[in-house]
Amino acid sequence: MKYDTIIFDLDGTLLNTLDDLADSMNYALKECGYPLRERNEIRRFIGGGAKVLVSSSVPEGLSKEEIEHCQSVFLDYYVKHSNDKTDLYPGMKELVHTLAEAGYRQGVVSSKGDGPVKDLIFGYFREDIGIAIGQRDDLKKKPAPDSVLKAIEMLGSTVERSIYVGDSEVDVETAKNTGIPCVIVTWGFRDREELEALKPDYIVDTKEQLEAILMGK
């Protein structure tokens, strides 16, 4: 077995969280009196955490305080509505369970807040994923390697035995900074052409292709 430890991204990789993120972002924009965004616009802003999503969504020229207020409204709403429309990508629950049954150690590292990450991951995957880390004050967020290294440590593994699975440029950079191979999936929040330009170690279009890489088939 080439790898025995798999670190997954969350949004756009395991779970399709787009509708809940878009609804929450547009709720905050409306509450703050700003123009709403199209769903596909918001899709492109996801991947760097709440601060990036909000600062990309609000109009240009706002003060730091105005952006922070909108971010606060967004977060307050999203915490209560993070699982209204969110759902699994096809085959991912089964794949994670297959990997767990085969003895793989699995963790999730996300730029989303730590509370919603744990709620979503342990709600959908239960004991099959052992570690879930979201944005925390004591860890630099992705693309810094800190949270991934922490997950690997908590799983009792090493960088040499680990591989990373994500869906965006942030994930490619995170894996590179951590020094581990990166698999990018095309069913997430970026177009395939963009992903190819990032030159990840692997690009997969299906659950079966991902399984083949992770299990060394």
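Calculated accessible area for the chain comes out at 47 Å² per residue, all protein chains present (probe 1.4 Å; ligands, DNA, RNA ignored).
Within the chain, DSSP assigns beta bridges of which about 10% are antiparallel (rounded to the nearest 5). Taking a ≥ b ≥ c as the square roots of the eigenvalues of the alpha carbon gyration tensor, the chain is prolate, as a/c is not under 1.5 and a/b beats b/c. Starting from the Cα gyration tensor of the stretch 13-94, take the square roots of the eigenvalues, sort them a ≥ b ≥ c, and report rounded, prolate or oblate (rounded when a/c is under 1.5, otherwise prolate if a/b is larger than b/c, else oblate). Prolate is the answer for the stretch 13-94, as a/c is 1.5 or above and a/b outweighs b/c. Using a cutoff of 8 angstrom between alpha carbon atoms and counting only pairs six or more residues apart, the relative contact order for the chain works out to 26 percent.
In a shell of Cβ-Cβ distance under 9 Å around Gly91, excluding Gly91 itself, what net charge do Lys and Arg (+1) and Asp and Glu (-1) give? So the surrounding residues net to -1.
Rounded to the nearest 500, the 222 nm mean residue ellipticity of the chain from helices alone is -14000 deg cm²/dmol, with -39,500 (n - 2.57) taken per DSSP H run of at least 4 residues. The overall shape of the stretch 24-71 is oblate: from the C-alpha gyration tensor, with semi-axes ordered a ≥ b ≥ c, the ratio a/c is 1.5 or greater and a/b is no larger than b/c. Dipole check for the chain: with +1 at the C-beta of Lys and Arg, -1 at the C-beta of Asp and Glu, and the Cα centre as origin, the magnitude is about 300 Debye. Stretching the chain fully between Glu194 and Asp19 yields a gain of 60.8 nm (0.36 nm per residue, less the alpha carbon separation). 3J(HN,Hα) along the stretch 70-83: 5, 5, 5, 5, 4, 5, 4, 6, 5, 4, 8, 10, 6, 10 Hz, from the Karplus curve 6.51 cos²θ - 1.76 cosθ + 1.60 with θ = phi - 60°, whole Hz, x for Gly and Pro.
Here's the picture: a label point sits 7 Å out from the Cα of Glu66 along the beta-carbon direction, and within the stretch 15-54 the residues with their amide nitrogen under 12 Å of it are 32-35.
Of all lysines in the structure, those lying under 21 Å Cα to Cα from Lys85, and not within fewer than 8 positions of it along the same chain, are Lys30, Lys93, Lys112, Lys118. Taking the chain as a Gaussian network of alpha-carbon nodes connected by springs under 10 Å, the highest mean-square fluctuation of the residues Asp138, Asp19, Asp11 belongs to Asp138.
The values are calculated or read from the model by the stated rules, or taken from the named source; none is laboratory data. Computed from a predicted model, the values in this text were never measured in an experiment. Note: ideal-geometry Cβ built from the backbone for every residue, glycine included; neighbour counts use all protein chains shown. Ligands, DNA and RNA are excluded from the accessible area calculation, which covers all protein heavy atoms including side chains. Shrake-Rupley method; radii C 1.70, N 1.55, O 1.52, S 1.80 Å.
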